[in-house]
Amino acid sequence: MPAATEIAAALGLMDDVIGVSHECDFPNEANTRPRVTHCPMHNAGLASKEVDEWVRRALREHGTIYTIDEPLLRGLRPDVILTQKLCDVCAVGYGTVARLAETLPGPPQVINLEPSSLSDIFDDIRHVAEACGVTERGDEVIANLSARVEAVRGRAAQILRRPRCFLMEWVDPPFCSGHWGPELVEIAGGHDPLGRKHQQSAQIDWQQVLDACPEIIVLALCGYDVDLARRDYELLRRFSGFDSLPAARNGEIYLVNASAYFARPGPRIVDSLEILAGILHPKEFPEFASRNAEDYRVADHVFDAP
């Protein structure tokens with residue numbers, strides 16, 4: 001999974017990474033490694049509603065949306081496999097990996113990454129560091145990331161106004177954010193009235209969004225970069241009552257690269273927090289505010305307004 005690859009990289013272990021998932025793309029070295037997983041939906045160009053329907057059908061009929069290249073994995077002979085039990089939509093399920101690992105030479109140690117909070121993500125970094133014999137490096141990485149989090153938390157705590165911010169995880173159908181998402185909004189100095197802190201994200205009715213009257217909407221769409229989020233923003237703006245939302249009236253809708261940041265529970269989750277701080281309080285966090293339409297991390301929808 002992409003977050004695991006990034007954790008390994010932050011720990012200085014990329015030379016030891018012998019295989020990655022089909023979605024692993026950071027750091028650049030990940031793109032040179034054999035890809036052990038496959039998903040027919042990946043980069044298929046489907047609309048968000050089509051993606052949702054395909055995923056639901058595949059999980060109902062097959063229990064998974066991914067396949068593992070077993071011959072390749074056997075040939076790689078890994079000592080450690082980093083996998084997850086958090087979400088069947090995000091990556092190959094833990095049970096599938098664990099059963100296969102039992103049949104591999106060794107067998108390899110299987111490390112489950114299942115974070116629901118920011119502290120869980122840091123714990124995962126620590127677990128990988130311990131499993132791979134780089135505990136001290138793990139402590140350094142966590143200390144540096146924690147210092148950045150506390151820097152944002154401390155500055156945001158001095159800001160009295162905490163805007164209502166809807167961190168949207170999917171457009172059609174609408175999903176609110178869960179797990180660490182609402183926590184990031186909170187630390188950055190906002191409040192997500194629809195978020196499910198440290199719980200799974202969930203499908204919601206569009207009327208709930210209208211009732212919440214968010215002052216800021218951040219399209220952190222799972223697996224989407226800014227360009228794909230821009231496509232779904234065009235869909236969102238056609239929803240009934242969209243123009244009545246304070247966020248729409250005031251031009252406070254932002255499109256973020258959730259694939260690289262918000263939906264990826266690795267070291268760059270702290271970048272996500274800083275991006276949010278720049279969105280929620282650009283005057284107080286000018287160093288994190290988006291400056292132009294070419295920013296690959298975040299864009300304000302008004303750049304593309306007619």
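Read-outs throughout are calculated quantities, based only on the coordinates presented, and are distinct from any laboratory measurement. None of these values were measured; they are calculated from a predicted model. Note: ideal-geometry Cβ built from the backbone for every residue, glycine included; neighbour counts use all protein chains shown.
Assign unit charges at the C-beta atoms only (+1 for Lys and Arg, -1 for Asp and Glu), then state the dipole size of the chain relative to its Cα centre in Debye, rounded to the nearest 20. List each step's numbers first, then the result.
Working: 30 positive and 46 negative charges, 85 e Å.
It works out to roughly 400 debye.
I'd like the orientation of helix 48-62 relative to the chain: the angle between its Cα long axis and the longest Cα principal axis, in ° from 0 to 90, rounded to 10.
30 degrees
On a straight-distance basis, which aspartates and glutamates could pair with Lys283 in a cross-link, Cα separation under 14 angstrom, same-chain partners fewer than 8 positions away excluded?
Glu274
Where both residues lie in the chain, what percent of DSSP beta bridges are antiparallel, nearest 5? Intermediate values should be presented prior to the final figure.
On the way: 9 of 25 bridges.
Restricted to the chain, the bridges split so that about 35 percent are antiparallel.
Looking only at the range 164-285, where both bridge partners belong to it, what percent of the DSSP beta bridges are antiparallel (to the nearest 5)?
Restricted to the range 164-285, the bridges split so that about 30 percent are antiparallel.
Quick one: grab Rg to one decimal and Dmax as a whole number for the range 137-242, Cα atoms only, in Å.
15.4, 51
Considering only the other residues whose Cβ falls under 14 Å of the Cβ of His22, what net charge follows from Lys and Arg at +1 and Asp and Glu at -1?
Neighbour charge sum, excluding His22 itself: -1.
I'd like to compare 14-26, 167-179: which one has the highest average count of other Cβ atoms within 10 Å, and what's the full order after that?
Working: 14-26: 17.8, 167-179: 23.1.
In decreasing order of mean packing, 14-26, 167-179 become 167-179, 14-26.
Can you match semi-axes √(5λ) of the Cα gyration tensor in Å to one of these, (1) 39, 37, 18; (2) 33, 23, 16; (3) 26, 22, 20, based on a calculation from the structure here?
(2)
Nearest 20 debye, what's the magnitude of the dipole of the range 152-208 about its Cα centre given +1 on Lys and Arg Cβ and -1 on Asp and Glu Cβ?
I would put it at about 400 debye.
Ranked from highest to lowest mean number of other Cβ atoms within 10 Å per residue, what is the order of the peptides 250-261, 109-120, 69-80?
250-261, 109-120, 69-80
With runs of 4+ DSSP H residues as the only contributors, calculate the mean residue ellipticity of the chain at 222 nm using -39,500 (n - 2.57) per run, divided by the residue total and rounded to the nearest 500.
-11500 deg cm²/dmol
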